[in-house]
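Structure first, commentary second.
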Amino acid sequence: MRGWLSPIAIITAATAAYFGGPFLRFAAVYILGWSLAVFGAWLLLRYGLVNFGIGASYALGAYAAGLIYKYLHTADLAVHLLAAVGAAGAWGALNGAVGIKTRGIYYSLLSLSLSMVLYGVLVKFYTVTGGSDGLYMPDPRLLGVRIGTAGLLALAALLAAAWAALGEVFGRSYAGHVAAGIKINELRTSALGADVGRHILISSVLASIAAGLGGLIVGYSTSHVSPDFAYWVTSGKMVVGGLIASFLPWTWGFVASAALYQAVELYSLQFAYPELVVGGLLLAILAAWRLYYRR
Amino acid sequence: MAGFAISFLISFYVFFLNILMTSLGMAFTYGVTRILNLAQGTFFVLGGYLASVFAWQIGLAFGIAAAAAASLAFGPLFYLYVKALGRTELEQLFATYALLLIGEGLFKLVFGNGNYTTASLADGLGSVEVLGQQVPYSYLWGGAVAAALLALMYLLLARTRAGLYMRAVRDDAEMASALGINVREVGLSASALGILITAASGAASSMWQAFTLGLSGQILVYAFASLVVGGIGDLLGVVAASAVISAVRTAAVFLYPQLELVAIYLVVIAVLLTRPSGLFARHARLA
């Protein structure tokens, strides 16, 4: 029962952030958006799949909206959401369909290569995609009205809460048990009657949609999307976020780990050598995990 | 036409050398230790930085040699670091990713934001004219370094007892251990060698490559590409794969430059889907 408190906790936290001033509002939108991409990485990790190309879905969600604004001149939120879900879902289906043939590091390298193909297209076909400058992301409108920061925060919180609820359902469902089975022993799970390929395909699509929606939110919050969204380092951060989330026992772990990672990254920027701070923290997390695990 | 062919060949050779040098050490390390090292590019960049600093003090050749020698200590440290922190593949990825970030931070701390290269010293080596095109000697020396490293690795693996142990550990670490091989020691020496090779390649590459922040990550994805195509851990496969990737990429640059990056990864995807254990694998590895 306690798991169902997750969506409520997320919405409560977002509400609190709303009253915390403009900076917290912005940070909350960013973190909630980014956490959806972490959810995608986390979901695939449940199957033992390390997706180093989840950033491609993240980029597609934002680019879908940016391109629609650039060419069709509409900032309608519903259109953008549909486009983001469609683009990211199709990408997830592609990733799942080709990923079914590979496992382990081959899967990681395949997903990385797929995302680098998208990255290459985004960077090099600059007349269409804006190249390395990226694209402008408009303020989204719902029924012609700008939703503003408050609306964006509400949207981010609702989406994160919805995915937390989905995570809760997933954890209890047949699919969740199959995921654990695939991670431990794929052959045996398959022999017990589960259609491994179908499970991986569907979870790829879901993970990709989550990441795509996340990219859309983050793009809105910064009014900008660039090919860096699809670069493998971006995906790497999300995988790290997903790993931290999988160390955490709660359904809202993906939001907690996204908040942790982004907070540390933000904090690190006040130093001249931010990478040292983030790297050192990751090391500390890993060391703590190893100590806990040994017991 | 001859001019076009020769400039194509030179471009091909230069990128071939680049990608080969980034992936040689990684293929070696992964082959024996099974550690997929996200920080391998960091050691390549370290070699380049050190060579650029040393070369101005003690000359080009000595500078490159000194940079390689200085990085020898990092191999065992790296192995111990990863083995202490990561038992599973996921934990190892996490640990080496943290190392990649820490490396970037340290480079910024020590070397700052500048470009580091020995290109201006390498220019002093002069160039040779091939069918009307100037080919700098630095590339030929780079090729010689790569060939020497390959020959050394081959001799080590195929002709010595230590190499025999490494091949045994590569094929089946558990079985090797049961037969009395100290897998830990073999892993230590293999990662030391792999990192030495990587750093030496980076040092030699400084003759044409400018080293700067953010390069570690860029290098890494090229190395991944060549590893996948050649079959992970297969040395000759990596050489052939570098040639294939360079040929495709150079053709893309000459015919349709927008596809430069995309072409490389399309090759990788095609190989992963058709021959997941690499184009040149003699026997497919299970799981």
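The values are calculated or read from the model by the stated rules, or taken from the named source; none is laboratory data. None of the values given here were measured: they were computed from a predicted structure. Virtual Cβ from ideal backbone geometry, glycine too; neighbours counted across all protein chains shown.
Taking the criterion of being in contact with a Phe, Trp or Tyr (Cβ under 6 Å, 6 or more places away or on another chain), buried (at least 24 other Cβ atoms within 10 Å of the Cβ), more than 14 Å from chain A (Cβ to nearest Cβ) and modelled with pLDDT of 85 or more, would at least one residue in the range B:54-76 satisfy it?
Within the range B:54-76, the subset in contact with a Phe, Trp or Tyr (Cβ under 6 Å, 6 or more places away or on another chain) is B:63, B:66-67.
Filter once more, so that each one left must be buried (at least 24 other Cβ atoms within 10 Å of the Cβ): B:67.
From what's left, more than 14 Å from chain A (Cβ to nearest Cβ): B:67.
Filter once more, keeping what is modelled with pLDDT of 85 or more: none.
Taking every residue of the range B:54-76 in turn, none turns out to be in contact with a Phe, Trp or Tyr (Cβ under 6 Å, 6 or more places away or on another chain), buried (at least 24 other Cβ atoms within 10 Å of the Cβ), more than 14 Å from chain A (Cβ to nearest Cβ) and modelled with pLDDT of 85 or more.
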Residue that is nearest to residue A:199 (Cα to Cα) [pool: residues in the range A:101-114 that are surrounded by 22 or more Cβ atoms within 10 Å (Cβ to Cβ) and out of contact with any Phe, Trp or Tyr (no Cβ under 6 Å at 6 or more places or on another chain)]: A:107
Condition met for residue B:85 (modelled with pLDDT under 80, farther than 25 Å from residue B:163 by Cβ and over 20 Å from the mean Cα position of the chain (by Cα)): no
Residue in the range B:161-170 that is more than 27 Å from residue B:48 (Cβ to Cβ), of a type in the set (Ser, Thr, Tyr) and surrounded by 15 or more Cβ atoms within 10 Å (Cβ to Cβ) present: yes
Residue check, residue B:169 farther than 20 Å from residue B:209 by Cβ and part of a helix (DSSP H, G or I): yes
Top-ranked residue in the range A:237-295 [being at the interface with chain B (Cβ under 10 Å from one of its Cβ atoms) and of a type in the set (Ser, Thr, Tyr); ranked as nearest to residue B:103 (Cα to Cα)]: A:273
Test: residue in the range A:59-75 that is of a type in the set (Val, Ile, Thr), buried (at least 19 other Cβ atoms within 10 Å of the Cβ) and farther than 30 Å from residue A:179 by Cβ: yes
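For residues that are among the small types (Gly, Ala, Ser) and away from chain B (no Cβ under 12 Å), scanning just the range A:32-60, find the one that is farthest from residue A:111 (Cα to Cα).
Our first condition is that a residue be among the small types (Gly, Ala, Ser); within the range A:32-60, this holds for A:33, A:35, A:37, A:40-41, A:48, A:53, A:55-57, A:59.
Still in the running and away from chain B (no Cβ under 12 Å): A:33, A:35, A:37, A:40, A:55, A:57, A:59.
Details: A:33: 22, A:35: 20, A:37: 15, A:40: 13, A:55: 10, A:57: 11, A:59: 14 Å.
For the range A:32-60, the residue satisfying everything is A:33.
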The range A:25-46: number of residues that are surrounded by fewer than 24 Cβ atoms within 10 Å (Cβ to Cβ) and farther than 15 Å from residue A:218 by Cβ: 2
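Listed here are the residues, each with its yes/no results for (1) under 27 Å from residue B:137 (Cα atoms); (2) surrounded by 21 or more Cβ atoms within 10 Å (Cβ to Cβ); (3) in contact (Cβ under 8 Å) with a residue 24 or more places away in the chain.
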site	(1), (2), (3)
B:180	no, no, no
B:194	yes, yes, yes
B:214	no, no, yes
B:219	yes, yes, yes
B:223	yes, yes, yes
B:240	yes, no, yes
B:265	no, yes, yes
Of all residues making up the range A:88-119, the number that are modelled with pLDDT of 85 or more, among the aliphatic types (A, V, I, L, M) and more than 16 Å from residue B:231 (Cα to Cα): 10
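Residues that are polar (S, T, N, Q): list the helices (runs of 4 or more DSSP H) wholly contained in the range A:73-130 that include at least 3 such residues.
On the way: elements: A:77-99, A:104-124, A:126-129.
Filter on the range A:73-130 gives A:104-124.
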Criterion (within 14 Å of chain A (Cβ to nearest Cβ) and either of a type in the set (D, E, K, R) or at positive phi (or both)) met by exactly one of B:180, B:126, B:132, B:214: B:214
